[in-house]
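Any read-out appearing in this document is the output of simple, stated calculations on the displayed coordinates, not a laboratory observation. These numbers come from a predicted model, not from an experiment. FYI the Cβ positions are ideal-geometry reconstructions off the backbone, even for glycines, and counts take in every protein chain you see.
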2 protein chains.
Amino acid sequence: MPSPAQKPALQQTPLDHILAALESDMDAVNTLILTRMESPVPLIKQLATYLIAAGGKRVRPLLTLASTALYSGDMKRAHLLAACVEFIHTATLLHDDVVDESRERRGKESANVVFGNQASVLVGDFLFSRAFQLMTEDGSIEVLRILSDASATIAEGEVLQLSVAGQIDMPMDTYIQVITGKTAALFAAAVEVGPVIADAGSAQQQAMRDFGLNLGIAFQIADDVLDYRGNQAKIGKTVGDDFREGKLTAPVLYALQNASDEERAFWARVMTDKDQQADDLKQALALIDKHDGIGKGLALAASYAQKAKYALTTMPDSPLRAQLSDLVDYMVNRDF
Amino acid sequence: MPSPAQKPALQQTPLDHILAALESDMDAVNTLILTRMESPVPLIKQLATYLIAAGGKRVRPLLTLASTALYSGDMKRAHLLAACVEFIHTATLLHDDVVDESRERRGKESANVVFGNQASVLVGDFLFSRAFQLMTEDGSIEVLRILSDASATIAEGEVLQLSVAGQIDMPMDTYIQVITGKTAALFAAAVEVGPVIADAGSAQQQAMRDFGLNLGIAFQIADDVLDYRGNQAKIGKTVGDDFREGKLTAPVLYALQNASDEERAFWARVMTDKDQQADDLKQALALIDKHDGIGKGLALAASYAQKAKYALTTMPDSPLRAQLSDLVDYMVNRDF
């Protein structure tokens, strides 16, 4: 296996750069994640290992590390809280896969398929509780406030998404509200923790929060766009998952904005009534293409990416800050 | 509606006595529960109202109030933390009913039937998060430690229960471990909060914890016994629920201890293979009766009740302490 120095420079992404800068910290986080999901109940460890060891890019804990390093905060505390953030994220993935009846996650069978819905619900609860146990070890009430607020907002976003499923008249604002809850709230909390650890003051805390929130929104919009054009092998999920689940995301909402009556009837049938035939995904992709749903979706993502990068300008200048700025573009333009 | 004074004295239970002594505090808790489950997402409030407004006896929040009053602690803090305890309890009920595929709860259709599994999982997550938000408002790291430990232990108990479902060789110790997790941990936490609020010292905190833990174990054993002999109209659940779910509880474990080969084959078929025929519950009840599973189960519950009452003796003497002692007996001997 080549050492990082031998990797061709062209393959290095902004994520790789940040990861390289924080490699020993990320190792410490990974160790903590493995040791702190221990339980006397074997099934907990089996299921948690299955999901956590499967990898994923660990973007959220990395953001906690980066936001702490940016303010020269105590990295030991950052390790612990980064692990909390990943536990909360993992718990929500477990519950999401049950709720969405998903079959795949990160390119392999999802935990609910392998271990069953019951175990997924309960181990999700365990990881969520474990995250709060770790936070009490850290002892900062402000951190506990930030992450319990985020957890409640995530659940609200998920319930809202469920409530509006298949509603083709859903305004774009509601979509933004859903993804702010289900995705951006945890990004915001993950980075807000940094200036709190470093005691950098409320203005920096707010700026970091803005950064994370807008990055999270941009990331989720880009993810939703990918669902209609992604490279299946790379993203480890099937194109059209949102379509099959009747989830109305940016590409479809744009296709709906100028839809003919006939097109609206199509969307009502496939998304509201969930009456889907073999060729309907192909038809959906054609309608999204006709109305430039992909292009408009990416432009929307870019507008939030811009806000995220603007929030960064108020932070201490450093190579890491520049890398975070590059990361924003990367996360919106990725095809993985 | 008659005022409490007009109620015939014979109908007053120890629970009524404690409730009467703490009536205005319980009103404050009920108000907090209703106001703090507010969310901009309507489905959250609808589902939470359905379950919480349905009542239940609110034993756990009442125990938090009583344990605080016993030490003359700040009742305002007790109100908030009692609401947290009820939110955690409600969240676990929502998830349990999904995991057990329950159809009924408190005498009406369970939330998963009315609102679906998806909403039940996600609103459970919301209530759980909301509990931690309220705790951060209170601001005590010790309380957060106690309740996050309890939450993790509850999840561990539930996963363990799932792991050993249908295993007719399960030792009685494992059963105690399951119910200590799924039930007693929250009882213990609910009462441990009192001496913490009142700053009554670690010995009193430990004594209260012992009281709650043993009360919780006794209560759950009694509940499991009721599942094979309960008055269906009163308990609002069907006799034999545990049987149908293949949950091995005290009455069945006692019936298994001296079972003949033929009897073991019966239990293996109905509990392990879950191959149940029309008359099997009747046969199960007959076998439990033959081996005195009810009597032995109640004796086991009584032994934990004894420990709970012993723990009380180290606490400040007061009418409330005496009522708590009566409550222990009542919760083990009830037929509701």
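Annotations for the structure displayed:
- Subtracting the Cα-Cα distance of B:Gln276 and B:Glu142 from their residue separation scaled by 0.36 nm leaves 43.5 nm.
- When the alpha-carbon atoms of chain B are used, the pair Rg, Dmax equals 20.0, 59 angstrom.
- Karplus-derived HN-Hα couplings along the range A:15-32 (A = 6.51, B = -1.76, C = 1.60, θ = phi - 60°), whole Hz, x at Gly and Pro: 4, 4, 4, 5, 4, 5, 5, 10, 4, 5, 5, 5, 4, 4, 5, 4, 5, 4
- In the assembly of identical copies, A:Lys274 has its label point, taken 7 Å from Cα in the direction of the beta carbon, separated from the corresponding points by 2.2 nm (ascending, one decimal).
- For the set A:Lys274/A:Lys296; A:Lys76/A:Lys309; B:Lys247/B:Lys290; A:Lys57/A:Lys108; B:Lys57/B:Lys108, the pairs lying more than 18 angstrom apart at their alpha carbons are A:Lys274/A:Lys296; A:Lys76/A:Lys309; B:Lys247/B:Lys290.
- Note on chain A: dipole from Cβ charges, positive end direction compared against A:Phe132, A:Ala301, A:Ala28; the farthest Cα belongs to A:Ala28.
- With the cut-off at under 20 Å, measuring from each backbone N in the range B:162-197 to a point 7 Å along the Cα-to-Cβ line of B:Arg264 picks out B:164-175.
- Think of chain B as having a plus end and a minus end, set by charges on the Cβ of Lys, Arg, Asp and Glu; of B:Ser260, B:Pro40, B:Ala284, B:Pro40 sits farthest toward the positive end of this dipole.
- Total charge dipole magnitude, the protein assembly as shown, about the Cα centre, Cβ charges on Lys, Arg, Asp, Glu only, Debye to nearest 20: 400
- Helical content of the protein assembly as shown, expressed as a calculated mean residue ellipticity at 222 nm, amounts to -22500 deg cm²/dmol (DSSP H runs of 4 or more residues, -39,500 (n - 2.57) each, divided by residue number, nearest 500).
- For A:Arg105, distant residues with modelled amide H under 5 Å away: A:Ser110
- Taking Lys and Arg as +1 and Asp and Glu as -1, the other residues whose beta-carbon sits under 15 Å from that of A:Tyr71 total -2.
- Förster radius 41 Å - calculated FRET efficiency between B:Asp289 and B:Thr314 (Cβ-Cβ, nearest 0.05): 0.55
- In order along the range B:191-206, the Karplus-derived 3J(HN,Hα) couplings, from 6.51 cos²θ - 1.76 cosθ + 1.60 at θ = phi - 60°, round to 8, 5, 4, x, x, 5, 4, 7, 6, 8, x, 6, 5, 5, 4, 5 Hz, and Gly and Pro are given as x.
- Euclidean distance between Cα centres, the range B:197-216 to the range B:99-178, Å: 22
- Taking Cα centre as origin and charging only the Cβ of basic (Lys, Arg, +1) and acidic (Asp, Glu, -1) residues, the dipole magnitude of chain A rounds to 660 debye.
- For the residues of B:37-49, the average number of beta carbons from a partner chain within 10 Å of their own beta carbon is 3.
- Mean separation of Cα contacts under 8 Å, 6 or more apart, over the residue count of chain A: relative contact order %: 19
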